[in-house]
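Q: Below are the structure tokens for one structure; questions will follow.
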Amino acid sequence: MRLIYTDSEIAFRAEAADWLRDQMSGEFADLRGLNNRSSAPERRLEWEQRLGEARWSVIGWPDEFGGRDAAMAERVIFAEEYAAAGGPPRLNHIGVELLGPTVLAYGTAAQKHRFLPPIAAGSAIWCQGYSEPGAGSDLGAVRTRSRLDDDEWIIDGQKVWTSLAQFCDWAFVLTRSEPGSVGPKGLTFLLVPLDQPGIERRPIRQITGDCEFNELFFDGARTAADNILGAPGDGWHVAMALLGFERGVSTLGQQMAFRNELEAVVDAARANGAARDPLIRQRLAQAEIGLRLMRVGALRMLTQENGAGTGAAVTYKIQWANWRRSLGELAMDVLGQAGEVAPALPHSDYTMPLLTELFLGSRADTIYGGSNQIQRNLIAERALGLPREPRGNLRG
């Protein structure tokens, strides 16, 4: 693990920081510091396209697909500078950080040239069709069905908690293509256009006032026979590989967003006098220490060969989820009663202040993306090599 940068990397940081600063103080100043993930979709789509035009959208991808062939250190630098500049949540995070790397790893040459350039350019926005009402952390319980009919896959079923699906053009959908199969067997990974008959999107309003998540209903939806990653029935392998990319470079950018949230909590504590409370000061110090430890762990994970399978990788999600949940609780203790009231607006919608939204949003951090219970199983089974948890129903 290397914590220093070369002269060329320092120059790259300056280039990225200057460009981002110009954008966030100029044409896209209205997006700086945006924290509501479903707001301003039109402007954020324009931002995706600006990133693509300047070849900053997917810098780690090969040049032929819209990237810069950036090395790991440069990818880390850009992720840090993006968050430090107050860049908005990426509208195409799922396409850029999850689907794109999976297509690079598992796609055919034709699929790479078809699907990757539009993601890089910000002209194709993607969402993830994994979770279902009865299959959240346990993806082996997926029941959405697909069957091959001549030159098309036909899809029936339901997905839920689909982030930003209301703004997306495509979804990658984990389906069960072998009747009678159970668990990870018989699953197929399909790429599905959303603007078609047979697909309904229903946004889910959260307690924060945001509509980040959606339900997706498939009723005879169709996609071309060759819109498949991997082989029919091998979807579990592709799906798990995709989740490994979720622990990639974006974790450093995520931590910079955490840094901004922690600094906002510190500023609030200083402003209202809560910082004079020794217990509050102790908790702020613990949050700072935890964030620094996460950074070192993420750098170690990213610099290790096959980092997605290391102990650092399998512990990372539960580490940051617990840390941010505690930060949300600290934010509310700092704000006191003021944190329980949303500002009055001249309509029925509302937007919570940053720290209140941090608290409310962080309650889900230990659930989505694999609950804490599932994360502990992964640590035990994959990192420590302990016996697998019994998967059957236990009756007393």
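Q: Could you list, in sequence order, all residues of the stretch 303-347 that are under 26 Å from Leu384 (Cα atoms), at pLDDT 70 or above and open to solvent by less than 70 Å² (accessible area, probe 1.4 Å)?
A: Within the stretch 303-347, Ala313, Val314, Thr315, Tyr316, Lys317, Ile318, Trp320, Ala321, Asn322, Trp323, Arg324 meet the criteria.
Q: Here's something else I'd like to know. I'm trying to understand the selection: among the residues of the stretch 95-131, which are modelled with pLDDT under 95 and of a type in the set (D, E, K, R)?
A: Glu97
Q: Read through the list (1) touching an Asp or Glu at 6+ places or on another chain (Cβ under 8 Å); (2) not in a strand (DSSP E or B), then give the number of the only condition that Asp226 fails.
A: (1)
Q: Tell me the residue from Ala71, Ala83, Ala29 that is farther than 20 Å from Leu354 by Cβ and among the hydrophobic types (A, V, I, L, M, F, W, C), please.
A: The unique qualifying residue is Ala71.
Q: Right, something else. Condition check: assigned to a helix (DSSP H, G or I), open to solvent by 20 Å² or more (accessible area, probe 1.4 Å) and within 19 Å of Leu98 (Cα to Cα). Does Leu252 satisfy that?
A: no
Q: Name the residues in the stretch 200-258 that are of a type in the set (Gly, Ala, Ser) and under 23 Å from Asn35 (Cα atoms), would you?
A: Gly209, Gly248, Ser250, Gly253, Ala257
Q: Any residue in the stretch 237-249 that is in a helix (DSSP H, G or I) sitting within a Cβ distance under 6 Å of a residue that is surrounded by fewer than 20 Cβ atoms within 10 Å (Cβ to Cβ) and modelled with pLDDT under 80? List the pairs, counting only those 6 or more apart or interchain.
A: Short answer, once both residue conditions are applied: Gly244/Ala308.
Q: Now for a different question. Go through the stretch 90-120 and give me each residue that's in a loop (DSSP other than H, G, I, E, B) and either crowded, with 19+ Cβ neighbours inside 10 Å or among the charged types (D, E, K, R) (or both).
A: Within the stretch 90-120, Arg90, Leu91, Asn92, Gly107 meet the criteria.
Q: On the given criteria, is Val192 over 21 Å from Gly369 (Cβ atoms), of a type in the set (A, V, I, L, M, F, W, C), touching a residue at least 12 places away in the same chain (Cβ under 8 Å) and open to solvent by 30 Å² or more (accessible area, probe 1.4 Å)?
A: Here the answer is no, as Val192 does not meet what is asked.
Q: Taking the options Glu15, Glu80, name whichever one is under 22 Å from Ala264 (Cβ atoms) and either not hydrophobic (A, V, I, L, M, F, W, C) or not in a loop (DSSP other than H, G, I, E, B) (or both).
A: The match here is Glu80.
The values are calculated or read from the model by the stated rules, or taken from the named source; none is laboratory data. Keep in mind it's a predicted model, so treat the numbers as computed, not measured. Every residue, glycine among them, receives a Cβ derived from its backbone with ideal geometry; neighbour counts consider all protein chains shown. For the accessible areas, the whole protein counts, side chains as well, though only heavy atoms, and no ligand, DNA or RNA atoms are used. Shrake-Rupley method; radii C 1.70, N 1.55, O 1.52, S 1.80 Å.
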